[in-house]
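Asks: Sharing a structure here in structure tokens format.
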Amino acid sequence: MTRERFRALVARAIDTIPPTFARAIQNVAIVVDDEPSAALLEEMEMEPGEVLLGLYQGTPLPERQWDYGNALPDRISLFQRAIEQECDGDEECIVMEVGDTLIHEFGHYFGMSEDEIMEIEEHYWRGEGT
């Protein structure tokens, strides 16, 4: 799949994110990379066979101090090849997988626990707002 087509699917996925979530997000760049580097996978202590679909890099909101500012945007990387492989190239699946990955990574931006993120993801997969 071309990067242009994948980005179009990412744009569709962004539109599926619950509005209450989306409105609260500020200064976050969403980028598409082919795949995570070997160094990143090692840094994240990924086991062989584990798949990394996305990654949040930045300072979560609850960790920001009063003097936080003049910072580059936080970053969410989406790994196109991993997402395509996870979905066998099915575009509707890609939209849902990207949406789910973004919700998960935005959860890290908000400083949520894995349990809180999983609850939001469950609502997302059922088509419910948060």
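The values are calculated or read from the model by the stated rules, or taken from the named source; none is laboratory data. No experiment lies behind these values; they were computed from the predicted model shown. No Cβ is skipped: glycine too gets one built from the backbone with ideal geometry, and neighbour counts run over all protein chains shown. For accessibility, only protein heavy atoms count, side chains too; no ligands or nucleic acids. Shrake-Rupley method; radii C 1.70, N 1.55, O 1.52, S 1.80 Å.
Asks: Run the accessible area of the chain with a 1.4 Å probe and give the carbon-and-sulfur part as a rounded percent.
Replies: Answer for the chain: carbon and sulfur cover 49 percent of the accessible area.
Asks: Okay, moving on. Please identify the helices of the chain, taking whole runs of DSSP H, that span at least 20 Å along their own axis as judged from the Cα atoms and have a mean Kyte-Doolittle score of 0.0 or higher.
Replies: The answer, listed by residue number, is 91-109.
Asks: Here's a follow-up. Work out how much length VAL31 to TYR68 would gain on full extension: take 0.36 nm times their residue separation and subtract the Cα-Cα distance, in nm to one decimal.
Replies: My answer for the length gained is 11.0 nm.
Asks: Still on this structure, I have one more. What is the local net charge at ALA29, summed over the other residues whose Cβ is closer than 9 Å to its Cβ (Lys, Arg +1; Asp, Glu -1)?
Replies: 0
Asks: Taking each pair of different alpha-carbon atoms in the stretch 63-115 once, compute 1/r for the pair, average those values, and report the inverse of that mean as the Kirkwood hydrodynamic radius in Å to one decimal.
Replies: Computed over the stretch 63-115, the radius equals 13.0 Å.
Asks: Suppose all protein chains stay in the model; what accessible area per residue would a 1.4 Å probe give for the chain, in Å²?
Replies: For the chain, the per-residue accessible area is 61 Å².
Asks: Over the Cα atoms, compute the radius of gyration (one decimal) and Dmax (the largest Cα-Cα distance, rounded to a whole number) for the stretch 1-89, in Å.
Replies: 15.0, 45
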